[in-house]
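Structure first, then comments.
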């Protein structure tokens, strides 16, 4: 797909980036990147998903551990109710040989309670250079 | 991404939406040079803290402006209705009168409103006056419309039997407050009455009635955007739909307004909440400089310290007013601006101390009776001034425009003219405008409801200012503050503050963050003086290296500080001091006090001609 960002939007984003980097909250999130990725990225690699335990999955969803996203663990009970299904769906989600739109759609449909925020956060952790996090108009004020 | 309108168009299929979104995120990542983890943190900041800051700052910069015509009519009509009830015996007021008051607020059709008013207990005389108001709208003589609420909004939880009693109470309350001054006593009276009498109607309705009677005392609590706005402002209001909570909520809002805002009329607050439909504008307005709503403001003054882009912004204003849009490319903007000047649709003048009525409106000037004849006599003729000439051209265009037929409340950009006055506060306003200052008022323009023309003293011609003339002026607050501005002018203009924008200056010039440098100096100037004397960003926008920065300091910043502080080196030293020690500066040094004929000379301060990178960094680090 081709998306071009206007100069105005780019300038705005650059300005916001500078501003954000002065915010203590954002500095903390940025600084915790390596720690979180080192801890969780191996767990969510496609080849390792089969070993995923309920506890590890649940831990990742907590802000205290992922250091970035609040609210991911809202439906943790529902998501982990059927671990076998969860694991097979996450395996599908992180399967690079398949089309992204299809695996994202199918895996979120397969796991009750796993919305796009959780699915995209897992994709991001599994491959931080390639996948961004589902981001709408998140008003946490 | 929704704020930036970058959200994938999508089909509702979250898989496709995510895949598209991910592509966009990767493009943004590459463009702004951050990783995706950081980018997500930036989104979080953007949609929360940054938006919250923009909303609060935007609102705090709003000032009272002319309420749109449609609301002025609503205000006038409602006040007329309530005044009419002063002469209606309390015992005869019934539910028909309540319906009259409420329906004035709705967008119900004309004939229905007439029927309802006809059935009320108001006198025939008042009814006629109200009909005249409504007819002006209905017949198209008045471009505004009456009514902000839909009929469905009129929910009254009260039995039909009790409505007469209720009508009596609510109208009595309105009659009681209509002539009262805006003060705390009014607030207390309403507070006492409101709980007992109005809890049966939804707060939005109560708030509309009270607001249009007392616009600076009572806010309009209506709409999702308004609720969102209060949330962003972190105001702990409770259930804004409950009229029982209306006064408590109003007090919370009032406290915020009085502590942080410049406006008084709560219409400004409601109008501002509409910006949350497109929050991106709160970020982009900073650059674009003008919003569509400002097109309705006929007279605007851009004010701020030197170097904040006031004169530069007048170009954007002129283009937006005339063309409805502003090209992104600067050379395109200038090209179009010059075209408009050539077409005489834009005129640019600079006021100065000897500028007068004769140059601006009309005056008697000497002319040679025969220029070819050396012996020709001098005679005197009346000549049009620049503003009169401009208004006449604008009026001709307006009268010949097909849009003049069947006019509606739409902006016809094709017939707009922009008169730009640079440095308006340097001219003597009373001397330049004379009695014509009244004519620039939007409501007195030719084509407006209270259209006014005056006879000019020299030519005896009738003259008025057409409503397609927009006046955009600039004012340097370092020369004269807003407070000192001619009161007549102040009342007739809207004001837009132009602050220094440190985000527009380079952040890395040989390792020096000019944004922080500017912010630091400005916060110190504000400590010592005020924000009217800050340093504008434009001095630094084109600085590319240390040599150019030295030049800017030498030629602009230091002389500006000397002027601001009248060569008080103690204060200049503070502005330019090191961040770690307010008594030391790399910028200033003190010469040795020498002895002359036995007298000790006063030590002198001098500025360093050349400074190195560390000197600048030490100022903010």
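Nothing in this text is a laboratory measurement; each read-out follows from the coordinates by a stated rule. Since the model is a prediction, treat every value here as computed from it, not as a measurement. Because the Cβ atoms are built from the backbone with ideal geometry, glycine has one as well, and the counts that use them run over all protein chains shown.
Table for the structure above
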{"quantity": "Ellipticity estimate at 222 nm from DSSP helix runs (n ≥ 4, -39,500 (n - 2.57)) divided over chain B, nearest 500", "calculated": "-13000 deg cm²/dmol"}
{"quantity": "Gained length - residue B:544 relative to residue B:162, 0.36 nm times residue gap less alpha-carbon distance", "calculated": "130.0 nm"}
{"quantity": "Distance (nanometres) between label positions extended 7 Å along Cα→Cβ at residue B:92 and residue B:443", "calculated": "3.1 nm"}
{"quantity": "Angle between chain B longest axis and helix B:14-32 axis [Cα atoms, degrees, rounded to 10]", "calculated": "30 degrees"}
{"quantity": "FRET E, pair residue B:75, residue B:568, Förster distance 60 Å, beta-carbon r, rounded to 0.05", "calculated": "0.75"}
{"quantity": "Region B:499-615: relative contact order as a whole-number percent, Cα under 8 Å and 6+ apart", "calculated": "19 percent"}
{"quantity": "Helix-only CD estimate at 222 nm, as mean residue ellipticity for chain A, using -39500 (n - 2.57) per DSSP H run (n ≥ 4)", "calculated": "-15500 deg cm²/dmol"}
{"quantity": "Simple label model, 7 Å out from Cα along Cβ direction - residue B:582 to residue B:178, nm", "calculated": "5.6 nm"}
{"quantity": "Backbone N under 11 Å from the residue A:14 label point (7 Å along Cα→Cβ), restricted to region B:501-525", "calculated": "B:504-508"}
{"quantity": "Angle in degrees between helix B:310-323 and the longest Cα principal axis of chain B, rounded to the nearest 10", "calculated": "40 degrees"}
{"quantity": "Mean Cα-pair separation over length for chain A, i.e. relative contact order, pairs under 8 Å, 6 or more apart, %", "calculated": "19 percent"}
{"quantity": "Full-extension gain in nm, residue B:526 to residue B:435, via 0.36 nm per residue minus C-alpha separation", "calculated": "29.0 nm"}
{"quantity": "Net lengthening on full extension, residue B:53/residue B:591 (0.36 nm per residue, minus Cα-Cα)", "calculated": "189.1 nm"}
{"quantity": "Computed E for residue B:382/residue A:46 - FRET, C-beta separation, R0 56 angstrom, nearest 0.05", "calculated": "0.05"}
{"quantity": "Residues of region B:23-65 with amide N under 11 Å of the 7 Å Cα→Cβ point at residue B:260", "calculated": "B:52-61"}
{"quantity": "Chain B - percent relative contact order, Cα under 8 Å, separation 6 or more", "calculated": "11 percent"}
{"quantity": "Residue A:96 versus residue B:555: modelled label distance in nm, points set 7 Å from Cα along the beta carbon direction", "calculated": "5.6 nm"}
{"quantity": "Computed FRET value (nearest 0.05) for residue B:454 with residue B:428, which takes r as the C-beta separation and R₀ as 30 Å", "calculated": "0.95"}
